[in-house]
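One structure is given below, encoded as structure tokens.
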Amino acid sequence: MWYNITMNLNRKSGILLHPTSLPGAGGIGTLGRASFDFIDWLSDSGTKLWQVLPLGPTGYGDSPYQPFSAFALNPLLIDMEGLFEQGWAQAEDVKVPDYIKPEGNVDFGSVVWWKKTALKNICKKIIDSGLKKIKTEFDSFCQEKAFWLDDYAAFMSIKSHYDSQGMWNKVWPEDLRLCRKTAVKKWEEEHKEEILTEKLIQFFAFTQWNRLHEYARKKNVEIVGDIPIFVSADSADVWSNQSCFQLKKNGEPSVVAGVPPDYFSPTGQLWGNPLYNWKKLAEDGYGWWIERIKSTLKLVDYVRIDHFRGFDSYWAVKYGSKTAEKGRWLKGPGLSFFKAVKNALGELPLIAEDLGEITESVRQLRKKTGLPGMKILEFGFDCAEEKRGALLNAFLPHNYTDTNCVAYTGTHDNDTVQGMLNALSQENLCLVASYLEGKKTDFATACLMRTDGTLCQKMVSLCFASTAAFALVPMQDLFGFGSDCRMNTPGSACSNWAWRMRDDMLYGELAEQKGQWLKEMNCLYNR
């Protein structure tokens, strides 16, 4: 039985760039001037999509895929200058300290140290004024977000008191750890200003994001968001919905999420997220998930569901394991989940991240839901099978059997295209060059094309030229940057999520050249 829950995609192109990677004086990309200028740059080139990573508040490790909430926004994205312009802060409140680097990769430690304190100081002044100027808007915001905001604010408040001692399921007092209503209510009464501060910070973030999103719509730029299938163990979601997860009585996970050895890691990826109690979630028709999707779609225009295969079956690893190699596949909710979503919300602009170990059962689930899948060009040359000289890898454009899909040169988890090319063996480099050139290419020529950036440019052009409805390219690939500019290295805890653009990538001659190239490709390939 077919049960399409999504609409077909129209032919468009886009850039994958997380807002934290935008330039700016505050040490991290924000929802301020540069984000509006980036939308202008996309619009001027006829590029209609901007894909971002999950937008939630990040913690240890700085990963957008391990946020403190599946609903809240990251306070680090708040544009401090914008708070001043809005009249919600004074000039001295938003001044960037000397220790913040205006350029280069994000130094999360320094940014958090400055911004967290500055935001709390701004909130205190607003609270002391009796919420002057914002009370009506703020009250409306709190009502609209009540499904998650109260739990999130309480969680962050309690966390700030016990965080140095360890995670909530290890060190919080039992009544708070188990999220007992009486204990939580008492905490909220005794810490009203802290709770209000957390809500105000979210009000700032949502106000700025909604303003940016509305501007993007006016410029005919749509935003592709990202929902990770799993949520962080250290999150308000798990703490306040413990029966919905496979947890022990003390709140610790019994099993955690990951994937077995795959493209990215020979020992698999041990994500450590608690796994869902799908039977419990099904009791109310997957209400928590439906609220999550609905909430995300208020922020963005399309949603990429990360690790789609987990809805069919998911890899469960015993809590405390060092790697993800030893685990077992457990059955997910399957089509019943997507039926419930469609019944509640109708047809939706969703995209399935269908990468990794994909079985026939997963393929059938994606087909039955009608969700567009992903095609990664970099994967096209991994152990490419040959038959009578033809390359059979399904990630290569000549093998696309369905145009309702999304083509990428690579994702945030891949090396950059130039980095991938630099690491290729002689045989594989010649294979890539021959495919891109349409004729047999010798090693010397392939090396020259790799060094001068020609192969990287041709890979980007190939993505745009493909029959895939959407063509999305990481900003690093558009500019031909190497491995030192990759966003994330799965399995590594160092230097991830920190890459940032230089100013000249958004302003000036270089930005104009790349914008003109985008415009030409969009015209040439009807995007």
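What residue, of Met459, Met487, Met501, is touching a Leu at 6+ places or on another chain (Cβ under 7 Å), under 30 Å from Phe36 (Cβ atoms) and assigned to a loop (DSSP other than H, G, I, E, B)?
Met501 is the lone residue from the list that is touching a Leu at 6+ places or on another chain (Cβ under 7 Å), under 30 Å from Phe36 (Cβ atoms) and assigned to a loop (DSSP other than H, G, I, E, B).
Listed here are the residues, each with its yes/no results for (1) without any contact (Cβ under 8 Å) to a residue 60 or more places away in the chain; (2) in a strand (DSSP E or B); (3) touching a Ser or Thr at 6+ places or on another chain (Cβ under 9 Å).
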residue: Gln208; (1), (2), (3): no, no, yes
residue: Glu214; (1), (2), (3): yes, no, no
residue: Ile223; (1), (2), (3): no, yes, no
residue: Ile227; (1), (2), (3): no, yes, yes
residue: Val231; (1), (2), (3): no, no, yes
residue: Trp239; (1), (2), (3): no, no, no
residue: Ser243; (1), (2), (3): yes, no, no
residue: Pro261; (1), (2), (3): no, no, yes
residue: Pro266; (1), (2), (3): yes, no, no
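Can you find, within region 329-380, the residue that is surrounded by the fewest Cβ atoms within 10 Å (Cβ to Cβ) among those that are out of contact with any Lys or Arg (no Cβ under 6 Å at 6 or more places or on another chain) and part of a strand (DSSP E or B)?
This residue is Lys331.
Could you tell me which residue of region 74-104 is surrounded by the fewest Cβ atoms within 10 Å (Cβ to Cβ), considering only residues that are of a type in the set (Phe, Trp, Tyr) and part of a loop (DSSP other than H, G, I, E, B)?
Tyr99
Which members of region 305-328 meet the condition of being crowded, with 22+ Cβ neighbours inside 10 Å and either small (Gly, Ala, Ser) or free of Cβ contacts under 8 Å to residues at least 12 places away in the same chain (or both)?
Once the filter is applied, which keeps residues that are crowded, with 22+ Cβ neighbours inside 10 Å and either small (Gly, Ala, Ser) or free of Cβ contacts under 8 Å to residues at least 12 places away in the same chain (or both), region 305-328 yields Gly310, Ala324.
Considering only region 27-67, state which residues are over 12 Å from the mean Cα position of the chain (by Cα), part of a loop (DSSP other than H, G, I, E, B) and crowded, with 23+ Cβ neighbours inside 10 Å.
Result: Gly27, Ile28, Gly29, Thr30, Leu31, Gly32, Thr47.
Among the residues of region 127-165, how many are assigned to a helix (DSSP H, G or I), hydroxyl-bearing (Ser, Thr, Tyr) and over 27 Å from Ala233 (Cα atoms)?
2
Of all residues being modelled with pLDDT of 95 or more and surrounded by 17 or more Cβ atoms within 10 Å (Cβ to Cβ) in region 4-19, which is farthest from Phe464 (Cα to Cα)? Just the residue, please.
Pro19
As an exercise: evaluate Asp503 against (1) modelled with pLDDT of 95 or more; (2) of a type outside the set (Phe, Trp, Tyr); (3) not assigned by TED's automatic domain parsing to the domain that holds Gly61 and give the number of the one condition it does not meet.
All conditions are met except number (3).
Which fully enclosed helices (runs of 4 or more DSSP H) of region 414-455 have 1 or more residues being over 28 Å from the mean Cα position of the chain (by Cα)?
426-437, 443-451
One residue is enough: does region 484-496 have a residue meeting the conditions of a type outside the set (Lys, Arg), in contact with a Lys or Arg (Cβ under 8 Å, 6 or more places away or on another chain) and modelled with pLDDT of 95 or more?
Within region 484-496, none of the residues are of a type outside the set (Lys, Arg), in contact with a Lys or Arg (Cβ under 8 Å, 6 or more places away or on another chain) and modelled with pLDDT of 95 or more.
Residues in region 450-476 that are buried (at least 21 other Cβ atoms within 10 Å of the Cβ) and within 23 Å of Gln426 (Cβ to Cβ): how many?
Total satisfying the criteria: 3.
Take the residues in region 271-304 that are crowded, with 22+ Cβ neighbours inside 10 Å and within 14 Å of the chain's Cα centre (by Cα), then tell me which one is nearest to Met167 (Cα to Cα).
Within region 271-304, the match that is nearest to Met167 (Cα to Cα) is Arg304.
So the check is Cβ under 8 Å with 6+ separation or different chains; which pairs have a first residue in region 342-360 that's touching a residue at least 12 places away in the same chain (Cβ under 8 Å) and in the same structural domain as Val300 (by TED's automatic domain parsing) and a second one that's part of a loop (DSSP other than H, G, I, E, B) and aromatic (Phe, Trp, Tyr)?
Pairs that qualify, where the first residue is touching a residue at least 12 places away in the same chain (Cβ under 8 Å) and in the same structural domain as Val300 (by TED's automatic domain parsing) and the partner is part of a loop (DSSP other than H, G, I, E, B) and aromatic (Phe, Trp, Tyr), are Lys342/Tyr3; Leu355/Tyr263; Gly356/Tyr263.
Under 9 Å between Cβ atoms, which residue pairs at least 6 apart in sequence (or on different chains) link something in region 184-203 that is closer than 16 Å to Phe68 by Cα and in the same structural domain as Lys159 (by TED's automatic domain parsing) with a partner that is among the charged types (D, E, K, R) and not in a helix (DSSP H, G or I)?
Matching pairs, first to second residue: Lys199/Lys145; Gln202/Lys145.
Quick test of your reading of the structure: Ser140 fulfils all but one of (1) in contact (Cβ under 8 Å) with a residue 12 or more places away in the chain; (2) out of contact with any helix residue (DSSP H, G or I) (no Cβ under 7 Å at 6 or more places or on another chain). Name the failing condition by number.
(1)
The values are calculated or read from the model by the stated rules, or taken from the named source; none is laboratory data. All of these numbers come straight from a predicted model, not from anything done at the bench. Note that we place each Cβ from the backbone using ideal geometry, even for glycine, and neighbour counts take in every protein chain shown.
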